[in-house]
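Colleague: Got a structure for you, questions after.
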Amino acid sequence: MLDLGSVVGGNLNFFGEQLGCKITVEDLTKDIDRHVGNDTVGGLPEFLAHRFSQPDATFDGIICWDVFDYLEKPAVQALATQVARLLKPGGLVLAFFNHTETPKPGQPTYTRYVVVDPRTLEHRTYPAARGKQKPLPNRDLQRLFEPLAITDQFLLKTNLREVIFRKPVASL
């Protein structure tokens with residue numbers, strides 16, 4: 001499994017125990033902050049297109065949390081292409097997407113998602129170099145993540161869209 005969020009020890013323990021799988025964490029928030037700090041946000045699409053050294057079809061599952069919310073559309077496309085490339089056929093992606101454009105007052109924050117138990121997910125904020133960008137409409141999500149297909153999506157009370165994508169298994 002690939003986790004694109006910040007390292008959370010409890011999550012590693014939870015997924016390791018529940019799924020019995022190897023977990024790779026690639027904290028993209030640090031990359032975003034570095035690009036903002038260096039005033040090279042426009043270079044994020046190119047950076048993300050080459051960010052991952054793993055071969056195609058490496059992971060059965062990828063957790064993106066809300067990392068796409070902090071990227072502009074060209075960078076979302078570059079990352080979505082990499083997610084699709086890294087995912088094994090039949091694999092799943094879990095991603096959260098902001099549903100509203102209302103920016104929260106104060107300093108921008110990232111959300112650290114902490115899995116407490118199979119039914120509980122805690123949210124903890126920490127400082128971000130940039131705020132969430134304009135939300136993506138559902139039709140854009142479908143196009144940006146091709147060939148992945150949306151299998152389920154839920155609008156949460158927090159105005160987040162929880163989306164589960166599946167990579168099709170090649171037909172014979």
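No lab work stands behind these numbers, since they all come straight from the coordinates. These numbers were taken from a predicted model, which means no experiment stands behind them. Please note: Cβ atoms are built from the backbone with ideal geometry, for glycine as well, and neighbour counts cover all protein chains shown.
Colleague: Pop the C-beta distance of residue 139 and residue 85 into the FRET formula with R0 = 22 Å and round what comes out to the nearest 0.05.
Modeller: 0.50
Colleague: Normalised by the residues of the chain, what does the relative contact order come to in percent, with Cα pairs under 8 Å and at least six apart?
Modeller: Computed over the chain, the figure is 23 percent.
Colleague: Cross-chain or 8 or more residues apart, Cα under 27 Å: how many lysine pairs in the chain fit that? Count them up, please.
Modeller: The result is 22.
Colleague: What order, most packed first, do the peptides 9-16, 160-167 have when packing is the mean number of other Cβ atoms within 10 Å of each residue?
Modeller: 160-167, 9-16
Colleague: Before anything else, pin down the relative contact order of region 129-172: Cα pairs under 8 Å, at least 6 apart, normalised by residue count, whole percent.
Modeller: 29
Colleague: Starting from the Cα of residue 153, step 7 Å along the direction of its Cβ; do the same at residue 130; then give the gap between the two resulting points in nm.
Modeller: Label-label distance for residue 153 and residue 130, simple model: 2.3 nm.
Colleague: Please compute the length gained on full extension between residue 120 and residue 40, using 0.36 nm multiplied by the number of residues separating them and subtracting their Cα-Cα distance.
Modeller: 25.1 nm
Colleague: Roughly how compact is region 2-166, stated as its Cα Rg over 2.2 N^0.38 Å to two decimals?
Modeller: The reported ratio for this selection is 0.99.
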